[in-house]
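Data block below; observations after.
The values are calculated or read from the model by the stated rules, or taken from the named source; none is laboratory data. Every value quoted in this text rests on a predicted model; they were computed, and no experiment measured them. With ideal geometry, Cβ positions are generated from the backbone for all residues, glycine too; neighbour counts draw on all protein chains shown.
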Amino acid sequence: MSRYALLLAPSANRVYADQAGRLSLAELAAFSPVLSGPLTDLAETTIGGVGYLTFAGELDEKDIAYLSNLSAGYALFARVDDDLLRPLALRPLARFDSDLITIPKYAGKTNEQFTKLLLNLTLLASASAPRMLDGRLTVCDPLAGRGTTLNQALMYGYDALGIEIDGKDVEAYKLFLQTWLKRKRLKHSAELVPVRRQGRRAARRMEVTFAASKEDHKAGDVSKVTVMHTDTTQIEGLLRPNCADVLVADLPYGVAHGSYDDEGGMSRRPLDLLERGVPLWTNLLRPGGAIGLSWNLKVAKRELAEDILIANGLQIVAHEELSHRVDQGIERDVVVARKPAR
């Protein structure tokens with residue numbers, strides 16, 4: 001049995017970095033179903049005074065390609081002996097330059113490593129997991145904000161679908177994406193048009209289509225990001241059913257973030273949003289699709305969030321402990337659930 005050591009990337013967020021090893025172990029375990037063989041002896045290990053994730057198994061080239069996308073992965077080594085490491089080349093999915101993810105800076109932005117972790121866990125729990133490396137999938141974020149999850153989906157070469165109620169966030173994301181595309185000199189088209197339902201204006205749709213190169217554009221190999229400017233609990237009839245392979249959302253934390261209730265006022269309770277949103281979000285998922293959600297445990301118990309998902313016909317996917325501290329008022333957790341296949 002071969003042994004391996006994975007060096008984690010540094011994180012700009014010190015609090016998250018302190019917990020990245022434990023979270024990455026849980027993420028590493030979630031990759032097991034798509035690998036050619038099991039991983040064993042997963043642990044955090046210090047080698048030469050530096051922390052690594054270590055494990056045993058037999059990795060082929062496709063296995064390494066999968067593990068190249070671990071959210072905090074930086075370098076992978078085969079362990080020749082306890083203190084001697086041989087580097088293995090990583091081949092992460094990276095259709096575009098990384099500054100698509102790193103440039104945007106704004107209050108309330110979800111940590112980029114955590115965004116990737118949540119997307120990975122959701123993909124790996126879905127029927128699309130075997131297509132993670134080479135499939136043209138569609139990722140939906142029903143609480144898109146300024147597009148962190150959408151940009152990560154684009155980095156993977158997937159199409160992205162977002163829903164966002166705040167018009168300023170939609171405009172800011174459109175401006176960023178168009179500016180980035182122009183600076184990269186990538187051929188693209190962009191539009192922001194009204195969407196009508198039963199003859200009345202119900203939303204605005206932002207749609208940007210672009211390719212990684214001129215050759216890709218000529219061949220029709222394009223990426224598409226669509227953002228609906230509307231209330232995520234009012235999307236019935238605006239999007240076709242079964243349009244997304246996975247759905248990922250970072251719920252309002254109930255501290256500086258909120259969602260709108262039925263009376264139009266601001267609610268700090270993410271469970272209220274889940275009760276109204278999950279039936280609609282589930283309808284967007286293809287059979288075998290998965291939903292991954294993160295939220296603040298200090299304002300919503302895990303059992304109640306799971307109950308809402310189960311009540312809507314979803315199956316909870318078991319994983320290692322993922323709750324972690326964000327700041328004094330936020331203890332974030334993750335739940336992943338799968339829509340049954342036909």
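Would you confirm, using the coordinates I've provided, whether Pro130 is surrounded by 21 or more Cβ atoms within 10 Å (Cβ to Cβ) and either out of contact with any helix residue (DSSP H, G or I) (no Cβ under 9 Å at 6 or more places or on another chain) or touching a residue at least 24 places away in the same chain (Cβ under 8 Å) (or both)?
No: the conditions fail for Pro130.
Can you tell me which residues in segment 214-227 are surrounded by 10 or more Cβ atoms within 10 Å (Cβ to Cβ) and either without any contact (Cβ under 8 Å) to a residue 24 or more places away in the chain or out of contact with any Leu (no Cβ under 8 Å at 6 or more places or on another chain) (or both)?
Those that are surrounded by 10 or more Cβ atoms within 10 Å (Cβ to Cβ) and either without any contact (Cβ under 8 Å) to a residue 24 or more places away in the chain or out of contact with any Leu (no Cβ under 8 Å at 6 or more places or on another chain) (or both): Lys214, Asp216, His217, Lys218, Ala219, Asp221, Val222, Lys224.
Can you tell which of Leu123, Leu133, Leu118 is in a loop (DSSP other than H, G, I, E, B), closer than 21 Å to Phe96 by Cα, at pLDDT 95 or above and among the hydrophobic types (A, V, I, L, M, F, W, C)?
Working: Leu123 fails: in a loop (DSSP other than H, G, I, E, B); Leu118 fails: in a loop (DSSP other than H, G, I, E, B).
Every option except Leu133 fails the conditions.
Only one of Arg201, Arg136 is touching a Phe, Trp or Tyr at 6+ places or on another chain (Cβ under 9 Å) and among the charged types (D, E, K, R); which?
Arg136
Testing Asp141 on (1) touching a Lys or Arg at 6+ places or on another chain (Cβ under 6 Å); (2) surrounded by 24 or more Cβ atoms within 10 Å (Cβ to Cβ), one condition comes back false. Which one is that?
Going through (1) touching a Lys or Arg at 6+ places or on another chain (Cβ under 6 Å); (2) surrounded by 24 or more Cβ atoms within 10 Å (Cβ to Cβ) one by one, Asp141 breaks only (1).
List pairs: first in segment 105-123 and under 14 Å from Glu320 (Cα atoms) and not assigned by TED's automatic domain parsing to the domain that holds Val317, second of a type in the set (Phe, Trp, Tyr) and at pLDDT 95 or above, Cβ under 9 Å, 6+ apart or cross-chain?
Once the first residue is under 14 Å from Glu320 (Cα atoms) and not assigned by TED's automatic domain parsing to the domain that holds Val317 and sits in segment 105-123, no partner that is of a type in the set (Phe, Trp, Tyr) and at pLDDT 95 or above comes close enough.
Can you tell me which residues in segment 308-330 are among the acidic types (Asp, Glu) and either part of a strand (DSSP E or B) or surrounded by 14 or more Cβ atoms within 10 Å (Cβ to Cβ) (or both)?
Listed by number, the list holds a single entry, Asp327.
Can you find a residue in segment 154-167 that is of a type in the set (A, V, I, L, M, F, W, C) and at pLDDT below 95?
Yes, some residue in segment 154-167 is of a type in the set (A, V, I, L, M, F, W, C) and at pLDDT below 95.
Restricting segment 331-342 to residues that are at pLDDT below 95 and loosely packed, with under 15 Cβ neighbours inside 10 Å, which is nearest to Gln113 (Cα to Cα)?
Once the filter is applied, the top-ranked residue is Ala341.
Kindly list, by first and then second residue, each pair from a residue in segment 317-330 that is free of Cβ contacts under 8 Å to residues at least 40 places away in the same chain and within 16 Å of Asn111 (Cα to Cα) to a residue that is surrounded by 13 or more Cβ atoms within 10 Å (Cβ to Cβ) and not hydrophobic (A, V, I, L, M, F, W, C), limited to pairs with Cβ atoms under 7 Å and residues at least 6 apart or on different chains.
Qualifying pairs under 7 Å: Ser323/Glu331; Ser323/Arg332; Ser323/Asp333.
Pull up segment 291-307, narrow it to residues that are out of contact with any helix residue (DSSP H, G or I) (no Cβ under 8 Å at 6 or more places or on another chain) and free of Cβ contacts under 8 Å to residues at least 40 places away in the same chain, then point me to the one that is surrounded by the fewest Cβ atoms within 10 Å (Cβ to Cβ).
In the first step, residues of segment 291-307 are kept if they are out of contact with any helix residue (DSSP H, G or I) (no Cβ under 8 Å at 6 or more places or on another chain); the result is 297-298, 301-303, 306-307.
If we keep only those that are free of Cβ contacts under 8 Å to residues at least 40 places away in the same chain as well, we get 297, 301-303, 306-307.
Details: Leu297: 15, Lys301: 12, Arg302: 13, Glu303: 7, Glu306: 15, Asp307: 15.
Residue satisfying both the conditions and the ranking: Glu303.
Let's see how each residue does on (1) among the hydrophobic types (A, V, I, L, M, F, W, C); (2) closer than 22 Å to Ser11 by Cβ; (3) surrounded by fewer than 19 Cβ atoms within 10 Å (Cβ to Cβ):
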{"site": "Phe77", "(1), (2), (3)": "yes, yes, yes"}
{"site": "Arg95", "(1), (2), (3)": "no, no, yes"}
{"site": "Ala107", "(1), (2), (3)": "yes, yes, yes"}
{"site": "Glu112", "(1), (2), (3)": "no, yes, no"}
{"site": "Leu119", "(1), (2), (3)": "yes, yes, no"}
{"site": "Ser126", "(1), (2), (3)": "no, no, no"}
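Do you know which residues across segment 159-172 are in contact (Cβ under 8 Å) with a residue 60 or more places away in the chain and not β-branched (Val, Ile, Thr)?
Asp159, Ala160, Leu161, Gly162, Glu164, Gly167, Ala172
Yes/no per residue for (1) at pLDDT below 85; (2) under 25 Å from Asn283 (Cβ atoms):
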{"position": "Lys182", "(1), (2)": "no, no"}
{"position": "Gly199", "(1), (2)": "yes, yes"}
{"position": "Thr226", "(1), (2)": "no, yes"}
{"position": "Leu247", "(1), (2)": "no, yes"}
{"position": "Val255", "(1), (2)": "yes, no"}
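With respect to Ala127, determine if the residue is on the phi < 0 side of the Ramachandran plot, touching a strand residue (DSSP E or B) at 6+ places or on another chain (Cβ under 6 Å) and in the same structural domain as Leu23 (by TED's automatic domain parsing).
Answer is no for this residue.
What's the number of the only condition in (1) at pLDDT 95 or above; (2) of a type outside the set (Val, Ile, Thr); (3) within 20 Å of the chain's Cα centre (by Cα) that Pro241 fails to meet?
For Pro241, the failing item is (3).
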